[in-house]
Amino acid sequence: MNAAEKTEAGFNNPPTVEAVAVTGLTPVPVNASNGQPPVGSRQAIPMHQQEKQGAKCCGCCCDYRRAVIIIAIIFICVTAISLIFAVLAVSLPGVSNFDDDEIEEIFNGNTLVALLGARFYNIPMLCLVILWFLVSYALSVYFGIDNINQVNALETGDVEYRYPIGVFVGQAIVTALWIYPHVGLILEIRSGIMSRETYPREEYSCCCVDNRRRHQ
């Protein structure tokens, strides 16, 4: 058989290659364009190093969960100070009793509900806190108008109703600022962005936490 015949026989009968199964390898996702693993694949990045998906309270302060906890702590501190003043006031000469309404305000349990709601990502608790803020504002407006008119009637004899719009607008702004982070936290919990598992990713503070995402 000459060289030409050997070459033709090689093309007509190519050598066979047996497929050998390879075990023990884990498939890795690849980029279709260059055959390399995709950059920033979440399968390889720990949760605390992933990019934050949720919003920041006031655009730069902290995550909504932390904001709700801070507000609750502020109310707890105010409650403790009010309780101290209440005890001191009762012990002063000439003060025989203390207003029951003030006592009820001091021992309000709404702060504890807010703290637990944020701690355990509980939407009903957070909704209850928002409802309490709204009801408290409505009652403060109603009784505020009534008290002002009673004082005015006693001092001047004028029974005309007066509405201090500026005071109520200021109270509405403060109430909205208290409610705002609670609403943000509820929306993020409902959407699945904020949860016990994802909080290492969503945790943020402009000053109190060493934000590891800054050092990536």
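The values are calculated or read from the model by the stated rules, or taken from the named source; none is laboratory data. No experiment lies behind these values; they were computed from the predicted model shown. FYI the Cβ positions are ideal-geometry reconstructions off the backbone, even for glycines, and counts take in every protein chain you see. Only protein heavy atoms, including side chains, enter the accessible area calculation; ligands, DNA and RNA are left aside. Shrake-Rupley method; radii C 1.70, N 1.55, O 1.52, S 1.80 Å.
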Once fully extended, how much extra length lies between Val183 and His48, figured as 0.36 nm per residue of separation less the alpha-carbon to alpha-carbon distance?
46.2 nm
Heavy-atom accessible area ranking, 1.4 Å probe, most first, across Asp146, Asp63
Asp146, Asp63
At 0.36 nm per residue, and after removing the present C-alpha to C-alpha distance, how many nm does the segment from Cys206 to Phe168 gain when stretched out fully?
10.5 nm
So if we plug the beta-carbon distance of Leu134 and Ala55 into 1/(1 + (r/R0)^6) with R0 = 22 Å, what FRET efficiency do we get, rounded to 0.05?
0.45
Computed FRET value (nearest 0.05) for Val141 with Ser82, which takes r as the C-beta separation and R₀ as 22 Å:
0.55
With all protein chains modelled, accessible area of Leu115 [1.4 Å, Å²]:
50 Å²
